[in-house]
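The values are calculated or read from the model by the stated rules, or taken from the named source; none is laboratory data. It should be emphasised that the depicted structure is a prediction, and the values quoted were computed from it without experimental measurement. Backbone-built Cβ (ideal geometry, glycine too); neighbour counts: all protein chains shown.
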Amino acid sequence: MTYRWIKLVLAIAAVVLPASAADLAVLQNGFTIRHERREILGTVTRLYTSDTANSYVDIPTAQIDHFEKDLSPPPAPAAPLPPPKTVAPPPKTLADMVNSASDAHNIDPDLINSVIHAESNFNPRAVSPKGARGLMQLMPKTASALGVNNTFDPNSNVDGGTKYLQELLERYNNDMVKALAAYNAGPERVDQYHGVPPYYETRAYVARIVRDFNNKKLAQRRAAEAAAKANPRKPATKSKPESKSGPAPVKQATASSSLAPQASH
């Protein structure tokens, strides 16, 4: 190789000096810059901090004291972020279930609660001697017709029982007493006797629910009156007409004093 070619090779080597993987440029001020390769461009040295061509830093060559191997282990890859935690919604309370069924079927929630009180005393696992189950004591055949697959599921039971009560109220033109009697003894018996059948159990059942429902409404009325007296300057607002069934106290049904044939519910 001639002297001319030797000078050309040395000139090229002086312009592009590839650094072996991970070198350190030690600056005169003591700082170091880790780089994958470097390139001399006039009075500056371009340090490529990664394998990509657009990731570099230009340092005046005069500020670089020397180069040395980077003997430190390569940085560990960043750990993947953990998946976001899903927060389970709080479990539904009985009040939530009743209010949801009330909105879905347009039935006063106080009436629903009074029926649950009379039927199961708020026990979701209650089973009657005749096979009625759950909070609203649905018979298996009735539950199946209402689409309730698990009568011991409180939410399904309350929704199904409220739906059935709505159907009975519509059947008897919002006559609460007849609807409650049909819920207990069956609509066939109410139709047969043109009203509450002469069964002690059914009459006591209807009277108990009507009394409980009336007590709730009277307590609400007294609380509203007491609040109005406590705030006499507050202008009275007209109450909106109640759209849900059973908006006001009803005449209590009287339970028969003699035991008659047992109801079917």
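Here are the numbers:
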read-out: Qualifying residue in region 79-93 (condition: among the charged types (D, E, K, R), under 30 Å from Asn184 (Cβ atoms) and at pLDDT 95 or above); value: no
read-out: Residue check, Pro90 surrounded by fewer than 10 Cβ atoms within 10 Å (Cβ to Cβ), out of contact with any Phe, Trp or Tyr (no Cβ under 7 Å at 6 or more places or on another chain), under 20 Å from Ile33 (Cβ atoms) and not polar (S, T, N, Q); value: no
read-out: Looking only at region 171-222, and only at residues there that are touching a helix residue (DSSP H, G or I) at 6+ places or on another chain (Cβ under 8 Å) and among the hydroxyl-bearing types (Ser, Thr, Tyr), the one that is nearest to Lys141 (Cα to Cα); value: Tyr183
read-out: One residue from Ala104, Ala79, Ala62 being loosely packed, with under 13 Cβ neighbours inside 10 Å, assigned by TED's automatic domain parsing to the domain that holds Gly161, out of contact with any Lys or Arg (no Cβ under 7 Å at 6 or more places or on another chain) and not in a strand (DSSP E or B); value: Ala104
read-out: Cβ-Cβ under 7 Å pairs, at least 6 apart or on other chains, region 92-107 side in contact (Cβ under 8 Å) with a residue 12 or more places away in the chain and under 14 Å from Gln166 (Cβ atoms), far side of a type in the set (D, E, K, R) and part of a helix (DSSP H, G or I); value: Ala101/Asp159; Ala104/Asp159; His105/Lys163
read-out: Total residues in region 189-202, condition over 14 Å from Glu119 (Cα atoms) and either in a helix (DSSP H, G or I) or touching a Leu at 6+ places or on another chain (Cβ under 9 Å) (or both); value: 8
